[in-house]
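The values are calculated or read from the model by the stated rules, or taken from the named source; none is laboratory data. These numbers were taken from a predicted model, which means no experiment stands behind them. Please note: Cβ atoms are built from the backbone with ideal geometry, for glycine as well, and neighbour counts cover all protein chains shown. Accessible surface is based on the protein model in full, side chains and every heavy atom, while ligands, DNA and RNA are left aside. Shrake-Rupley method; radii C 1.70, N 1.55, O 1.52, S 1.80 Å.
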Amino acid sequence: MQLSLNGQVALVTGGSSGIGAAVAEALAKAGAAVAINYHSSAEPAEELAKRIQDAGGRAIAVGGDVGDEAAVQALFDRTLEAFGRLDILVANSGLQKDAPVADLSLEDWNTVINTNLTGQFLCARAAIRQFRQQGRDENISRALGKIIHMSSVHEVIPWAGHVNYAASKGGVNLLMRSLAQEVAAEGIRVNGIAPGAIATAINEEVTGDEAKARELLKLIPYKRVGHVDDVGNVAVFLASDLADYIVGTTLFVDGGMCLYPGFEDNG
Ligand code: NAD
């Protein structure tokens, strides 16, 4: 079986930067038409869409806040208007607002939960409604539809000073698994990807600083910081029919970060 997404349409939220941009580009290379969602700044998403088009692919840039119900509807409407169907959702948008818990404002708690968790619910719900409405076409994919939730190793690793972020990603894990259980019988595959440390804007304060990056490597048994393509490749696989029997699972893309590296030297 070939790893091909020919004829399929994907929507990638937060697709204008970092992991989302790499996922969008990888899906396009595999043959999917891609709607690239951005939040505030259109230009990077439009540039990426243009790059994909120049390489012979199909792509559009679409604005919208994933935490806003009406904006999510508009985002899906625009995707369907451009491409006529939806086969793959990658719910990737996310952010951090870090603070020690005593200093963490309710506003920053709510912002992170609203984008990282509620946003994933709103997008998954819209995708499931669309998959049901359009029905299955076995010439396009064995599944009725595929949803990939971008989680984090912090869906299992507690993270002091980041309780809003860790709570949101822990929530994403059970959102993903409960949805998978609810819709699997219809042929909808819901899964998650949990990246470890991937060099992007979200962590450039650490990955861009030599001393901090050295400390970070102590947490990574494979001894390298991840590249966005490490995640893009896995998203293509999970979205493809090669992964047709993978349902309700998180794939950790973390260089072994979840292996308790503190015990490397016998604890
Ligand atoms: P990033 O900051 O480059 O990407 C986050 C994207 O989300 C941006 O494009 C941003 O515009 C978008 N976004 C933020 N709020 C939004 C909103 N309300 N509506 C729509 N889009 C919104 O960082 P990244 O590292 O590429 O992060 C992508 C995802 O990967 C996030 O969910 C993040 O939690 C997750 N993740 C990243 C790492 C890492 O090491 N980089 C590790 C684990 C998980």
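Values as computed for the structure displayed
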read-out: Under the span-like rule (Cα at least 15 Å along the axis, Kyte-Doolittle mean at least -1.0), DSSP H helices of the chain; value: 18-29, 69-83, 119-134, 163-183, 228-239
read-out: Cβ-Cβ FRET estimate between TYR222 and ILE140, R0 fixed at 41 Å, reported to 0.05; value: 0.70
read-out: Heavy-atom accessible surface of the stretch 1-67: percent carbon and sulfur, 1.4 Å; value: 46
read-out: Proximal aspartates and glutamates to LYS218, defined as alpha-carbon separation beneath 18 angstrom and excluding residues fewer than eight positions away on the same chain; value: GLU204, GLU205, ASP209, GLU210, ASP254, GLU264, ASP265
read-out: Dipole in debye (nearest 20) - the stretch 147-267, about Cα centre, beta carbon charges: Lys, Arg +1; Asp, Glu -1; value: 180
read-out: Those lysines that a straight Cα-Cα span of less than 29 Å connects to LYS212, excepting residues fewer than 8 apart in one chain; value: LYS97, LYS169, LYS223
read-out: Size of electric dipole in the chain: Cβ of Lys, Arg +1 and of Asp, Glu -1, about Cα centre, debye, nearest 20; value: 720
read-out: Cα-derived Rg over Rh, computed across the stretch 1-41 with Rh taken as Kirkwood radius; value: 1.03
read-out: For VAL66, solvent-accessible area (1.4 Å; no DNA, RNA or ligand), Å²; value: 10
read-out: Using a Förster distance of 30 Å, the FRET efficiency for ASP108-ASN266 (Cβ separation, nearest 0.05); value: 0.15
read-out: Qualifying lysines (Cα of each under 26 Å from Cα of LYS29; at least 8 residues distant if same chain); value: LYS50, LYS146
read-out: Three-way shape label, the stretch 1-143, alpha-carbon gyration tensor, a/c 1.5; value: prolate
read-out: Projected area, mean over directions - the chain, Cα convex hull, nm²; value: 14.8
read-out: Percent carbon-and-sulfur accessible area, the stretch 166-267, ignoring ligands, DNA and RNA, probe 1.4 Å; value: 56
read-out: Packing rank of 184-196, 21-33, where each peptide gets the mean count of other beta carbons within 10 Å, highest leading; value: 21-33, 184-196
read-out: Point-to-point label distance, ALA160-ASP54, nm (Cα→Cβ direction, 7 Å offset); value: 4.8
read-out: Solvent exposure of the stretch 135-236 as accessible area per residue, Å², 1.4 Å probe; value: 47
